[in-house]
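Enquirer: Input: one structure, supplied below.
The values are calculated or read from the model by the stated rules, or taken from the named source; none is laboratory data. These figures come from a predicted structure and were not determined experimentally. Note that each Cβ is placed from the backbone with ideal geometry, even for glycine, and that neighbours are counted across all protein chains shown. Quick note on the areas: whole protein, heavy atoms, side chains included, nothing else; ligands and nucleic acids left out. Shrake-Rupley method; radii C 1.70, N 1.55, O 1.52, S 1.80 Å.
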Amino acid sequence: MAWAWTLETSSSVVFGNAMVGFLAEEVFGYDLEQASAAAHAGDGNVRALGNALMLVTFFPWVLCFVFFSLLHWSYPLDLKRLDKAGRVNHDEAPVATVATC
């Protein structure tokens, strides 16, 4: 678990910052020369940075939601498969239940 957290955090630090800059400049038209001008003159830059931040944060969270949602389907099946193989210690294994309406 610690390795997964370390990999997630370090990759987001390295790739996230670079992707915001790249997307803002190359895709959404952030003008670096205009950024040094007055704050009110950079409305296009504000929109470009906002769009880049939205892409870099929103879509990875959507992917996480989709993949973690799949765990709700696959985890009970994996427990049943391990139980049939006799590799589940029922004293230590968490109980997977499916709520019914």
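Enquirer: Would you be able to say whether some residue in segment 16-23 is open to solvent by 90 Å² or more (accessible area, probe 1.4 Å) and modelled with pLDDT of 85 or more?
Expert: Checking segment 16-23: at least one residue is open to solvent by 90 Å² or more (accessible area, probe 1.4 Å) and modelled with pLDDT of 85 or more.
Enquirer: State which residue pairs qualify: first residue without any contact (Cβ under 8 Å) to a residue 24 or more places away in the chain and part of a helix (DSSP H, G or I) and inside segment 56-84, second residue hydrophobic (A, V, I, L, M, F, W, C) and open to solvent by 100 Å² or more (accessible area, probe 1.4 Å) in any location, beta carbons under 9 Å apart, and separation of 6 or more residues or different chains.
Expert: Listed by first residue and then by second, the contacts come to His72/Val98; Pro76/Val98; Leu79/Val95.
Enquirer: How about segment 8-22: which of its residues are within 14 Å of Ala52 (Cα to Cα) and within 13 Å of the chain's Cα centre (by Cα)?
Expert: Phe15, Gly16, listed by residue number.
Enquirer: I'm trying to understand the selection: among the residues of segment 85-101, which are open to solvent by 100 Å² or more (accessible area, probe 1.4 Å) and either part of a helix (DSSP H, G or I) or modelled with pLDDT of 65 or more (or both)?
Expert: Arg87
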